[in-house]
Amino acid sequence: MDAFEVLARLAEHGTPPEGDIALRMSVGLEDTLHRFKDETLPFISGGGAEIRFCYGPYGRGKTHFLKSIQAQARNCGFVTAYVDCRAEQAPFASLSETYRMVAARAVPPGNDDGVGVEAVIRGSLDRRGNTGSLIRAVRREDRLELGFRNLVIAYLQALVAQEKFELLKALGAFLSAMASYRFPVNDLYRMYPNLPKPLGKLSARNATLWIRSLAALPAALNYPGFVILFDETEKSHHMAKWPPRKQQQHLANIRNLVDHVATGMFSGCAFCFAVVEEFKELAETELEALAQRIERIHSEEANPRAVWTSLDELTSPAPYESGFFETLGDRVIEIAISAGMDADRADELRRHFGQLAVSASQDISVGAVRQFVKSAAALAAPLVNSSPGGPNA
(Lines give C-alpha, C1' and ligand atoms only; values in the text may rest on other atoms or scores of the structure.)
Protein backbone atom coordinates (compact mmCIF):
# COMPACT_ATOMS: atom_id res chain seq x y z
CA MET A 1 0.00 0.00 0.00
CA ASP A 2 1.58 3.30 -1.09
CA ALA A 3 1.42 6.52 0.93
CA PHE A 4 -1.57 7.96 -0.95
CA GLU A 5 -3.55 4.76 -0.45
CA VAL A 6 -2.73 4.95 3.26
CA LEU A 7 -3.97 8.55 3.32
CA ALA A 8 -7.21 7.54 1.56
CA ARG A 9 -7.74 4.73 4.06
CA LEU A 10 -7.19 7.12 6.97
CA ALA A 11 -9.71 9.55 5.49
CA GLU A 12 -12.31 6.79 5.14
CA HIS A 13 -11.78 4.73 8.30
CA GLY A 14 -9.61 6.74 10.68
CA THR A 15 -7.40 3.72 11.42
CA PRO A 16 -4.08 2.83 9.76
CA PRO A 17 -3.44 -0.43 7.92
CA GLU A 18 -1.42 -3.14 9.62
CA GLY A 19 2.35 -2.88 9.64
CA ASP A 20 4.88 -0.14 10.20
CA ILE A 21 2.38 2.62 9.33
CA ALA A 22 0.61 1.85 12.62
CA LEU A 23 3.89 2.33 14.47
CA ARG A 24 4.65 5.55 12.60
CA MET A 25 1.30 7.00 13.64
CA SER A 26 1.52 5.96 17.29
CA VAL A 27 1.30 9.05 19.46
CA GLY A 28 1.96 8.81 23.19
CA LEU A 29 2.48 5.03 23.05
CA GLU A 30 6.27 5.12 22.98
CA ASP A 31 6.70 4.00 26.61
CA THR A 32 4.03 1.30 26.22
CA LEU A 33 5.60 -0.10 23.07
CA HIS A 34 9.04 -0.07 24.71
CA ARG A 35 7.63 -2.04 27.67
CA PHE A 36 5.99 -4.47 25.28
CA LYS A 37 9.25 -4.98 23.40
CA ASP A 38 11.54 -5.08 26.43
CA GLU A 39 9.31 -6.96 28.92
CA THR A 40 6.39 -8.82 27.33
CA LEU A 41 8.08 -10.21 24.23
CA PRO A 42 11.14 -11.59 26.09
CA PHE A 43 8.81 -13.05 28.74
CA ILE A 44 6.71 -15.02 26.27
CA SER A 45 9.72 -16.02 24.17
CA GLY A 46 11.08 -17.58 27.37
CA GLY A 47 7.96 -19.72 27.72
CA GLY A 48 5.67 -17.37 29.63
CA ALA A 49 2.11 -16.35 28.82
CA GLU A 50 0.31 -13.05 29.35
CA ILE A 51 -3.24 -11.75 28.98
CA ARG A 52 -4.56 -8.21 29.19
CA PHE A 53 -7.70 -6.20 28.51
CA CYS A 54 -7.37 -2.62 27.25
CA TYR A 55 -10.50 -0.50 27.43
CA GLY A 56 -11.57 2.92 26.20
CA PRO A 57 -14.53 4.64 24.48
CA TYR A 58 -15.37 3.95 20.87
CA GLY A 59 -12.99 5.70 18.48
CA ARG A 60 -10.38 6.32 21.18
CA GLY A 61 -7.64 4.40 19.33
CA LYS A 62 -7.84 0.83 20.64
CA THR A 63 -7.65 -0.69 17.15
CA HIS A 64 -4.60 1.46 16.41
CA PHE A 65 -3.08 0.30 19.69
CA LEU A 66 -3.56 -3.38 18.76
CA LYS A 67 -2.10 -2.86 15.30
CA SER A 68 0.91 -1.05 16.77
CA ILE A 69 1.52 -4.00 19.08
CA GLN A 70 1.13 -6.38 16.15
CA ALA A 71 3.66 -4.42 14.07
CA GLN A 72 6.11 -4.36 16.97
CA ALA A 73 5.78 -8.11 17.48
CA ARG A 74 6.16 -8.89 13.77
CA ASN A 75 9.28 -6.73 13.58
CA CYS A 76 10.72 -8.87 16.39
CA GLY A 77 9.99 -12.13 14.53
CA PHE A 78 6.81 -13.21 16.33
CA VAL A 79 3.79 -14.86 14.77
CA THR A 80 0.69 -12.67 15.24
CA ALA A 81 -3.07 -12.95 14.78
CA TYR A 82 -5.39 -9.94 14.71
CA VAL A 83 -9.03 -11.01 15.12
CA ASP A 84 -11.48 -8.24 14.26
CA CYS A 85 -14.69 -9.13 16.11
CA ARG A 86 -17.34 -7.49 13.97
CA ALA A 87 -21.01 -7.60 14.91
CA GLU A 88 -21.59 -10.78 12.90
CA GLN A 89 -18.51 -12.55 14.30
CA ALA A 90 -18.33 -14.09 17.75
CA PRO A 91 -14.96 -15.77 18.34
CA PHE A 92 -15.96 -16.88 21.84
CA ALA A 93 -19.42 -18.18 20.99
CA SER A 94 -17.66 -21.54 21.22
CA LEU A 95 -14.07 -22.58 21.78
CA SER A 96 -14.10 -24.32 18.40
CA GLU A 97 -14.90 -20.98 16.79
CA THR A 98 -12.11 -19.33 18.80
CA TYR A 99 -9.65 -21.83 17.38
CA ARG A 100 -10.89 -21.38 13.80
CA MET A 101 -10.68 -17.59 13.86
CA VAL A 102 -7.17 -17.50 15.34
CA ALA A 103 -5.92 -20.26 13.03
CA ALA A 104 -7.27 -18.43 9.97
CA ARG A 105 -5.61 -15.13 10.94
CA ALA A 106 -2.21 -16.34 12.14
CA VAL A 107 0.50 -14.46 10.24
CA PRO A 108 4.21 -15.36 10.17
CA PRO A 109 6.60 -12.40 10.44
CA GLY A 110 7.70 -12.56 6.79
CA ASN A 111 5.89 -10.39 4.26
CA ASP A 112 5.20 -13.02 1.60
CA ASP A 113 4.35 -16.18 3.54
CA GLY A 114 0.57 -15.85 3.40
CA VAL A 115 -1.97 -16.04 6.22
CA GLY A 116 -3.19 -18.93 8.37
CA VAL A 117 -1.69 -21.77 10.38
CA GLU A 118 -0.47 -23.43 7.17
CA ALA A 119 1.51 -20.29 6.30
CA VAL A 120 3.06 -20.33 9.77
CA ILE A 121 4.23 -23.92 9.21
CA ARG A 122 5.53 -23.16 5.70
CA GLY A 123 7.38 -20.12 6.99
CA SER A 124 9.13 -22.22 9.64
CA LEU A 125 10.90 -24.25 6.95
CA ASP A 126 12.71 -21.09 5.83
CA ARG A 127 13.80 -20.32 9.39
CA ARG A 128 15.36 -23.70 10.14
CA GLY A 129 17.57 -25.39 7.58
CA ASN A 130 17.38 -28.88 9.10
CA THR A 131 13.83 -30.16 8.64
CA GLY A 132 14.54 -33.22 10.76
CA SER A 133 15.44 -31.11 13.77
CA LEU A 134 12.29 -29.05 13.25
CA ILE A 135 10.11 -32.16 13.27
CA ARG A 136 11.91 -33.45 16.37
CA ALA A 137 11.25 -30.13 18.11
CA VAL A 138 7.53 -30.44 17.32
CA ARG A 139 7.50 -34.01 18.63
CA ARG A 140 9.11 -32.88 21.91
CA GLU A 141 6.59 -30.09 22.56
CA ASP A 142 4.28 -31.64 25.15
CA ARG A 143 1.80 -28.75 25.00
CA LEU A 144 0.69 -29.92 21.55
CA GLU A 145 -2.28 -32.26 21.63
CA LEU A 146 -1.30 -35.60 20.05
CA GLY A 147 -3.61 -35.47 17.04
CA PHE A 148 -2.74 -31.82 16.39
CA ARG A 149 0.97 -32.54 16.70
CA ASN A 150 0.73 -35.39 14.19
CA LEU A 151 -1.10 -33.12 11.75
CA VAL A 152 1.73 -30.57 11.96
CA ILE A 153 4.36 -33.28 11.48
CA ALA A 154 2.47 -34.77 8.54
CA TYR A 155 2.14 -31.33 6.95
CA LEU A 156 5.87 -30.66 7.35
CA GLN A 157 6.76 -34.06 5.89
CA ALA A 158 4.41 -33.52 2.95
CA LEU A 159 5.93 -30.10 2.23
CA VAL A 160 9.47 -31.46 2.24
CA ALA A 161 8.54 -34.50 0.14
CA GLN A 162 6.58 -32.26 -2.26
CA GLU A 163 3.59 -34.53 -1.94
CA LYS A 164 0.52 -34.20 -4.08
CA PHE A 165 -1.65 -31.15 -3.69
CA GLU A 166 -4.57 -33.28 -2.44
CA LEU A 167 -2.68 -34.38 0.67
CA LEU A 168 -1.57 -30.85 1.57
CA LYS A 169 -5.11 -29.60 0.99
CA ALA A 170 -6.56 -32.23 3.30
CA LEU A 171 -4.01 -31.73 6.06
CA GLY A 172 -4.35 -27.95 5.79
CA ALA A 173 -8.13 -28.22 6.04
CA PHE A 174 -7.82 -30.29 9.22
CA LEU A 175 -5.30 -27.81 10.71
CA SER A 176 -7.50 -24.81 9.96
CA ALA A 177 -10.60 -26.80 11.04
CA MET A 178 -12.60 -25.92 7.95
CA ALA A 179 -16.18 -26.78 8.89
CA SER A 180 -17.09 -27.38 5.22
CA TYR A 181 -14.35 -29.96 4.65
CA ARG A 182 -15.69 -33.51 5.07
CA PHE A 183 -12.83 -35.70 3.83
CA PRO A 184 -12.67 -38.86 6.03
CA VAL A 185 -9.39 -39.38 7.87
CA ASN A 186 -9.52 -43.13 7.20
CA ASP A 187 -9.44 -42.44 3.46
CA LEU A 188 -6.22 -40.49 3.99
CA TYR A 189 -4.68 -43.48 5.78
CA ARG A 190 -5.60 -45.74 2.88
CA MET A 191 -4.14 -43.34 0.32
CA TYR A 192 -1.04 -42.48 2.37
CA PRO A 193 -0.27 -45.39 4.73
CA ASN A 194 2.87 -43.73 6.14
CA LEU A 195 1.00 -40.86 7.76
CA PRO A 196 1.52 -40.58 11.54
CA LYS A 197 -1.40 -41.79 13.63
CA PRO A 198 -3.67 -40.54 15.02
CA LEU A 199 -4.42 -37.49 12.90
CA GLY A 200 -6.65 -35.17 14.90
CA LYS A 201 -9.73 -33.17 14.01
CA LEU A 202 -11.13 -30.23 15.95
CA SER A 203 -14.18 -31.02 18.09
CA ALA A 204 -16.03 -29.45 21.00
CA ARG A 205 -14.32 -31.96 23.26
CA ASN A 206 -10.72 -31.12 22.32
CA ALA A 207 -11.14 -27.41 21.45
CA THR A 208 -9.41 -26.18 24.61
CA LEU A 209 -6.40 -28.42 23.94
CA TRP A 210 -6.26 -27.30 20.32
CA ILE A 211 -6.27 -23.62 21.28
CA ARG A 212 -3.43 -24.32 23.69
CA SER A 213 -1.64 -26.26 20.95
CA LEU A 214 -2.09 -23.48 18.41
CA ALA A 215 -0.76 -20.90 20.88
CA ALA A 216 2.33 -23.03 21.59
CA LEU A 217 2.97 -24.01 17.96
CA PRO A 218 5.07 -20.99 16.83
CA ALA A 219 7.62 -21.56 19.62
CA ALA A 220 7.84 -25.25 18.63
CA LEU A 221 8.45 -24.13 15.04
CA ASN A 222 11.40 -21.93 16.05
CA TYR A 223 9.57 -18.59 16.12
CA PRO A 224 10.01 -16.55 19.32
CA GLY A 225 6.31 -16.88 20.17
CA PHE A 226 2.71 -15.91 19.32
CA VAL A 227 0.88 -12.62 19.94
CA ILE A 228 -2.92 -12.91 19.60
CA LEU A 229 -5.08 -9.77 19.47
CA PHE A 230 -8.87 -9.63 19.80
CA ASP A 231 -10.56 -6.37 18.81
CA GLU A 232 -13.80 -6.82 20.77
CA THR A 233 -14.96 -3.19 20.56
CA GLU A 234 -17.74 -3.86 18.05
CA LYS A 235 -18.70 -7.08 19.79
CA SER A 236 -18.92 -5.41 23.19
CA HIS A 237 -21.48 -2.91 21.86
CA HIS A 238 -23.73 -5.67 20.54
CA MET A 239 -23.40 -8.15 23.40
CA ALA A 240 -25.72 -6.16 25.65
CA LYS A 241 -28.55 -6.98 23.22
CA TRP A 242 -27.90 -10.73 23.22
CA PRO A 243 -30.00 -13.19 25.24
CA PRO A 244 -28.44 -13.75 28.70
CA ARG A 245 -27.50 -17.35 27.91
CA LYS A 246 -25.54 -16.31 24.82
CA GLN A 247 -23.80 -13.54 26.76
CA GLN A 248 -22.83 -15.93 29.55
CA GLN A 249 -21.40 -18.50 27.13
CA HIS A 250 -19.25 -15.89 25.42
CA LEU A 251 -18.01 -14.51 28.73
CA ALA A 252 -17.46 -17.99 30.21
CA ASN A 253 -15.18 -18.95 27.33
CA ILE A 254 -13.14 -15.78 27.88
CA ARG A 255 -13.02 -16.57 31.60
CA ASN A 256 -11.67 -20.04 30.84
CA LEU A 257 -8.93 -18.51 28.73
CA VAL A 258 -8.00 -16.15 31.56
CA ASP A 259 -7.89 -19.09 34.01
CA HIS A 260 -5.76 -21.25 31.76
CA VAL A 261 -3.23 -18.47 31.21
CA ALA A 262 -3.10 -17.79 34.95
CA THR A 263 -2.53 -21.45 35.83
CA GLY A 264 0.28 -21.98 33.33
CA MET A 265 -1.66 -24.02 30.76
CA PHE A 266 -0.42 -21.73 27.98
CA SER A 267 3.16 -21.10 26.95
CA GLY A 268 4.96 -18.79 24.55
CA CYS A 269 2.02 -16.51 23.82
CA ALA A 270 0.32 -13.24 24.73
CA PHE A 271 -3.37 -12.37 24.42
CA CYS A 272 -4.62 -8.80 24.26
CA PHE A 273 -8.29 -7.75 24.12
CA ALA A 274 -9.50 -4.29 23.12
CA VAL A 275 -12.92 -3.66 24.70
CA VAL A 276 -15.20 -0.82 25.75
CA GLU A 277 -15.38 -0.06 29.47
CA GLU A 278 -18.93 -1.46 29.60
CA PHE A 279 -17.47 -4.92 28.98
CA LYS A 280 -16.60 -5.25 32.67
CA GLU A 281 -20.01 -3.93 33.70
CA LEU A 282 -21.61 -6.61 31.52
CA ALA A 283 -19.38 -9.24 33.12
CA GLU A 284 -20.37 -8.06 36.60
CA THR A 285 -24.02 -8.54 35.63
CA GLU A 286 -23.86 -11.75 33.61
CA LEU A 287 -20.72 -13.56 34.83
CA GLU A 288 -19.23 -12.12 37.98
CA ALA A 289 -16.48 -14.75 37.95
CA LEU A 290 -14.93 -13.05 34.90
CA ALA A 291 -15.25 -9.57 36.40
CA GLN A 292 -13.50 -10.80 39.55
CA ARG A 293 -10.58 -12.13 37.53
CA ILE A 294 -9.90 -8.85 35.77
CA GLU A 295 -10.85 -6.50 38.65
CA ARG A 296 -8.01 -4.30 39.89
CA ILE A 297 -7.24 -4.24 43.60
CA HIS A 298 -6.24 -0.58 43.57
CA SER A 299 -8.32 0.86 40.76
CA GLU A 300 -7.46 4.45 41.65
CA GLU A 301 -3.74 3.95 40.99
CA ALA A 302 -2.39 4.10 37.45
CA ASN A 303 -0.80 0.78 36.51
CA PRO A 304 0.12 0.30 32.83
CA ARG A 305 1.00 -3.36 33.55
CA ALA A 306 -2.44 -4.29 34.93
CA VAL A 307 -4.60 -6.96 33.30
CA TRP A 308 -7.51 -4.48 33.07
CA THR A 309 -6.01 -1.24 31.74
CA SER A 310 -7.37 1.99 30.36
CA LEU A 311 -5.80 3.07 27.08
CA ASP A 312 -5.33 6.48 28.69
CA GLU A 313 -2.98 4.86 31.22
CA LEU A 314 -0.87 3.64 28.33
CA THR A 315 -0.78 6.98 26.50
CA SER A 316 1.30 10.06 27.29
CA PRO A 317 0.43 12.72 26.29
CA ALA A 318 -3.20 11.68 26.72
CA PRO A 319 -5.87 12.61 24.16
CA TYR A 320 -7.44 15.20 26.43
CA GLU A 321 -4.38 17.35 25.68
CA SER A 322 -4.32 19.32 22.46
CA GLY A 323 -0.63 18.46 22.04
CA PHE A 324 -1.64 14.84 21.47
CA PHE A 325 -3.67 15.81 18.41
CA GLU A 326 -1.10 18.28 17.15
CA THR A 327 1.49 15.49 17.11
CA LEU A 328 -1.01 13.14 15.47
CA GLY A 329 -1.60 15.80 12.82
CA ASP A 330 2.15 15.97 12.16
CA ARG A 331 2.13 12.21 11.50
CA VAL A 332 -0.62 12.70 8.91
CA ILE A 333 1.42 15.49 7.32
CA GLU A 334 4.46 13.18 7.09
CA ILE A 335 2.35 10.62 5.21
CA ALA A 336 0.94 13.33 2.92
CA ILE A 337 4.46 14.53 2.06
CA SER A 338 5.46 10.91 1.36
CA ALA A 339 2.45 10.71 -0.97
CA GLY A 340 3.71 13.67 -2.98
CA MET A 341 2.34 16.77 -1.22
CA ASP A 342 4.54 19.85 -1.52
CA ALA A 343 6.25 20.35 1.85
CA ASP A 344 5.39 24.05 1.67
CA ARG A 345 1.73 23.14 2.23
CA ALA A 346 2.50 21.68 5.67
CA ASP A 347 2.04 24.99 7.52
CA GLU A 348 -1.36 25.43 5.89
CA LEU A 349 -2.41 22.02 7.18
CA ARG A 350 -1.03 22.68 10.66
CA ARG A 351 -3.26 25.75 10.98
CA HIS A 352 -6.32 23.66 10.15
CA PHE A 353 -5.18 20.84 12.41
CA GLY A 354 -4.62 23.25 15.31
CA GLN A 355 -8.31 24.17 15.28
CA LEU A 356 -9.32 20.52 15.04
CA ALA A 357 -6.98 19.62 17.91
CA VAL A 358 -8.57 22.08 20.34
CA SER A 359 -12.10 20.79 19.75
CA ALA A 360 -11.03 17.13 19.69
CA SER A 361 -9.17 17.40 23.01
CA GLN A 362 -12.29 18.66 24.74
CA ASP A 363 -14.35 15.54 24.13
CA ILE A 364 -13.01 11.98 23.86
CA SER A 365 -16.33 10.21 24.45
CA VAL A 366 -17.54 10.20 20.85
CA GLY A 367 -14.59 8.82 18.92
CA ALA A 368 -12.57 12.01 18.82
CA VAL A 369 -9.27 10.34 17.93
CA ARG A 370 -10.68 8.41 14.99
CA GLN A 371 -12.67 11.42 13.78
CA PHE A 372 -9.61 13.68 14.01
CA VAL A 373 -7.58 11.29 11.86
CA LYS A 374 -10.39 11.05 9.29
CA SER A 375 -10.77 14.83 9.15
CA ALA A 376 -7.02 15.47 8.98
CA ALA A 377 -6.48 12.92 6.20
CA ALA A 378 -9.47 14.30 4.28
CA LEU A 379 -7.96 17.78 4.43
CA ALA A 380 -4.55 16.52 3.33
CA ALA A 381 -5.67 14.40 0.37
CA PRO A 382 -6.69 17.34 -1.94
CA LEU A 383 -3.35 19.04 -1.26
CA VAL A 384 -1.58 15.87 -2.35
CA ASN A 385 -3.65 15.69 -5.55
CA SER A 386 -2.89 19.31 -6.41
CA SER A 387 0.85 19.06 -5.77
CA PRO A 388 3.34 18.56 -8.65
CA GLY A 389 4.45 15.22 -7.16
CA GLY A 390 0.93 14.00 -6.35
CA PRO A 391 -0.77 10.94 -7.88
CA ASN A 392 -2.73 13.07 -10.36
CA ALA A 393 0.28 15.09 -11.48
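The values are calculated or read from the model by the stated rules, or taken from the named source; none is laboratory data. What you are looking at is a predicted structure, and each value in this text was computed from that prediction instead of being measured. FYI the Cβ positions are ideal-geometry reconstructions off the backbone, even for glycines, and counts take in every protein chain you see.
Worth a mention:
- Per-region count, the stretch 22-33, residues free of Cβ contacts under 8 Å to residues at least 60 places away in the same chain and either assigned to a strand (DSSP E or B) or within 25 Å of Glu295 (Cα to Cα) (or both): 1
- Scanning the stretch 207-244 for residues that are modelled with pLDDT under 90 and part of a helix (DSSP H, G or I) yields a count of 8.
- Residues that are outside any strand (DSSP E or B) and over 22 Å from Tyr223 (Cβ atoms), drawn from the stretch 259-283: Asp259, Ala262, Thr263, Val276, Glu277, Glu278, Phe279, Lys280, Glu281, Leu282, Ala283
- Residue within the stretch 299-309 that is crowded, with 17+ Cβ neighbours inside 10 Å, basic (Lys, Arg) and within 25 Å of Leu66 (Cα to Cα) present: no
Residue by residue, here is whether (1) out of contact with any Pro (no Cβ under 7 Å at 6 or more places or on another chain); (2) more than 19 Å from Glu5 (Cα to Cα); (3) of a type in the set (A, V, I, L, M) holds:
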site: Gly329; (1), (2), (3): yes, no, no
site: Ile333; (1), (2), (3): yes, no, yes
site: Gly340; (1), (2), (3): no, no, no
site: Phe353; (1), (2), (3): yes, yes, no
site: Gln362; (1), (2), (3): yes, yes, no
site: Val369; (1), (2), (3): no, yes, yes
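Here's the yes/no breakdown for (1) outside any helix (DSSP H, G or I); (2) at pLDDT 95 or above; (3) within 18 Å of the chain's Cα centre (by Cα):
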{"position": "Gly129", "(1), (2), (3)": "yes, no, no"}
{"position": "Asp142", "(1), (2), (3)": "yes, no, no"}
{"position": "Asn150", "(1), (2), (3)": "no, yes, no"}
{"position": "Gln157", "(1), (2), (3)": "no, no, no"}
{"position": "Val160", "(1), (2), (3)": "no, no, no"}
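- Residue match in the stretch 300-322 (condition: assigned to a helix (DSSP H, G or I) and among the small types (Gly, Ala, Ser)): yes
Residue-wise test of (1) under 24 Å from Gly268 (Cβ atoms); (2) part of a loop (DSSP other than H, G, I, E, B).
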residue	(1), (2)
Ala8	no, no
Pro16	no, yes
Leu41	yes, no
Ile51	yes, no
Ala73	yes, no
Ala81	yes, no
Thr98	yes, no
